[in-house]
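The values are calculated or read from the model by the stated rules, or taken from the named source; none is laboratory data. Here the structure is a predicted model, which is why all the values come from computation and not from measurement. Counting neighbours? That spans all protein chains shown, and the Cβs are built from the backbone with ideal geometry, glycine included. For accessibility, only protein heavy atoms count, side chains too; no ligands or nucleic acids. Shrake-Rupley method; radii C 1.70, N 1.55, O 1.52, S 1.80 Å.
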Amino acid sequence: MNNFVYDIPVKVYFGENQLCHLGEELKKYGSRVLLTYGGGSIKKIGLYDKVINELNSSGLEVFELSGIEPNPRIDSVRKGAQMCKEHNIDVLLAVGGGSTIDATKFMAAGACVDHDPWDFLSEKWSPIEKALPIVSILTLSATGSEMDCGGVISNPETKDKIGRLAPPMLPKVSFLDPTLTYSVNAYQTACGAADMISHILEVYFNMEQDLYMLDCFMEGMLKTIIKYTPVAIQDPENYEARANLMWTSSWAINGFINGGKRLAWSCHPMEHELSAIYDITHGLGLAILTPRWLEYCLDETTVSKYVQFATNVFGVEASLPPMEIAREGIRRLSEFLFDTIGLQRTFTEVGIKEEDFPVMARKACGNGTLKGFKHLNQQDIEAIFRMCL
Ligand code: NZQ
Ligand code: ZN
């Protein structure tokens, strides 16, 4: 295990009836709050009224930015950053899923600079040295944005979807109330599960031999997702299922499982290109890609990791030949994603066309090589895309 720094300073209020602490937490950062949210789900579930009551009774001054899109657009970020400047905002309160929280992170950073926030993500890659403080209330278990310092923003004009990590964008406080996810429909619940699985597998699949504790932790999280996602789909108000999924979403990506190994990810860069052009749901793209990526990377040099995955996560019979065990592990993962939780299984079904493969593959590897579990160049990525048809 390499040296690493463990520092995940997000204060988490987990569970029901914790919003009574919202006012006191926000007031630590000032009195002028920019409340951000998406297309209205928070109004439907009564959360908006609760938040507004809490803010009013704490004497906070509230400004609002709604309509943040799934796969959030740079224009929403621009608006938010502008509002922060105009209204002299002290703290941002993001209420929603990963899209709302991600966009809010870049608004908070954009508020501290004079340039266009897209410069943080374009080739200019302007430094993110400061951001206004962010508090989040999570309503969808998936991305882990509530406990990491990353965000992903789309620019429809350039057909780009680009992510970036920057410590100043880490939320100061996150409220994780599983009951707020009772209203998440079966499709988004399944997409969230696929996203969490991918966050874990992007890290789990490496050939380092000394990560036993972290491997066990990751296998435990995978088993949690496999156990509870079908329960949450069938019984949306099952607290145990929603709570286990919510806490897993945070820990799958908050940095803990990296353990000093900074391997580049593979499926995420590929998926971001799908979302950039086709605006598909992130978790769905990952679900289609992940089993094919695993199939593509399987050979004699990597098979031992697949054996570990298949036997420890899916309980595949360990006495079979290694290649058979590995393939059975991939088959069980596909069965879970496409049959048990009902996600679509091919690019063809979701309308992704072969003619876009070269450009998407070239952008996914940044004109070079994705240095993940197995190094992938443009040809490799195109081959994986073809396996998804
Ligand atoms: O917009 P509203 O009306 O709120 O509806 C949303 C949206 O339509 C709805 N929803 C959210 N909470 C709900 C709810 N519906 C009913 N009840 C609730 N409680 O769900 C839809 C999807 O929301 P969205 O925020 O887009 O989903 P998700 O949390 O999966 O976020 C996806 C975005 O996060 C990025 C993705 O690329 C994508 O843009 N990611 C962010 C990461 C990070 N910050 O570290 C890492 C991830 O890998 C990912 O790339
Ligand atoms: Zn993801």
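Condition check: open to solvent by less than 10 Å² (accessible area, probe 1.4 Å) and aromatic (Phe, Trp, Tyr). Does PHE217 satisfy that?
no
If the requirement is being open to solvent by 40 Å² or more (accessible area, probe 1.4 Å) and either of a type in the set (Ser, Thr, Tyr) or within 16 Å of ligand 2 (Cβ to nearest atom) (or both), which of these qualifies: SER334, SER250, SER319?
Answer to the check: SER319.
Contact list please: Cβ distance under 9 Å, first residue in segment 125-151 and modelled with pLDDT under 95, second residue surrounded by fewer than 22 Cβ atoms within 10 Å (Cβ to Cβ) and assigned to a loop (DSSP other than H, G, I, E, B), pairs at least six apart or on different chains.
The qualifying pairs do not exist here.
Name the single residue that is nearest to ligand 2 (Cβ to nearest atom) among those in segment 254-303 being under 22 Å from GLU335 (Cα atoms) and open to solvent by 20 Å² or more (accessible area, probe 1.4 Å).
Residue satisfying both the conditions and the ranking: HIS282.
Just give me the residues in segment 126-141 being over 21 Å from the mean Cα position of the chain (by Cα) and more than 18 Å from SER76 (Cβ to Cβ), in sequence order.
Of everything in segment 126-141, those that are over 21 Å from the mean Cα position of the chain (by Cα) and more than 18 Å from SER76 (Cβ to Cβ) turn out to be SER126, PRO127, GLU129, LYS130.
Can you spot a residue in segment 200-207 that is open to solvent by 20 Å² or more (accessible area, probe 1.4 Å), free of Cβ contacts under 8 Å to residues at least 12 places away in the same chain and away from ligand 1 (no atom under 12 Å from the Cβ)?
The answer is no; no qualifying residue exists.
If I ask for residues that are in contact with an Asp or Glu (Cβ under 7 Å, 6 or more places away or on another chain) and under 26 Å from TRP251 (Cβ atoms), which ones from segment 5-62 would you list?
GLY15, GLU16, GLN18, LEU19, LEU22, TYR29 - these are the residues of segment 5-62 that are in contact with an Asp or Glu (Cβ under 7 Å, 6 or more places away or on another chain) and under 26 Å from TRP251 (Cβ atoms).
Please verify whether LEU165 is under 14 Å from the mean Cα position of the chain (by Cα) and open to solvent by 10 Å² or more (accessible area, probe 1.4 Å), treating the condition exactly as stated.
Against the criterion (under 14 Å from the mean Cα position of the chain (by Cα) and open to solvent by 10 Å² or more (accessible area, probe 1.4 Å)), LEU165 qualifies.
Could you list, in sequence order, the residues of segment 271-301 that are aromatic (Phe, Trp, Tyr) and farther than 17 Å from PRO70 by Cα?
Passing the criteria: TRP293, TYR296.
Is there any pair linking a residue in segment 292-303 that is assigned by TED's automatic domain parsing to the domain that holds ALA194 and in contact (Cβ under 8 Å) with a residue 40 or more places away in the chain to one that is in a helix (DSSP H, G or I) and surrounded by fewer than 18 Cβ atoms within 10 Å (Cβ to Cβ), with Cβ under 6 Å and at least six apart or on different chains, and which?
That search, which allows pairs on different chains as well, returns ARG292/MET387.
What's the number of the condition THR179 fails, among (1) open to solvent by 20 Å² or more (accessible area, probe 1.4 Å); (2) part of a helix (DSSP H, G or I); (3) closer than 30 Å to TRP293 by Cα; (4) among the polar types (S, T, N, Q)?
If we test THR179 against (1) open to solvent by 20 Å² or more (accessible area, probe 1.4 Å); (2) part of a helix (DSSP H, G or I); (3) closer than 30 Å to TRP293 by Cα; (4) among the polar types (S, T, N, Q), just (3) comes out false.
Check whether at least one residue in segment 46-62 is at pLDDT 95 or above, β-branched (Val, Ile, Thr) and in contact with a Phe, Trp or Tyr (Cβ under 8 Å, 6 or more places away or on another chain), and report yes or no.
No; the residues of segment 46-62 include none that is at pLDDT 95 or above, β-branched (Val, Ile, Thr) and in contact with a Phe, Trp or Tyr (Cβ under 8 Å, 6 or more places away or on another chain).
Answer yes or no as to whether GLY368 is without any contact (Cβ under 8 Å) to a residue 12 or more places away in the chain, over 24 Å from PRO230 (Cβ atoms) and open to solvent by less than 60 Å² (accessible area, probe 1.4 Å).
yes
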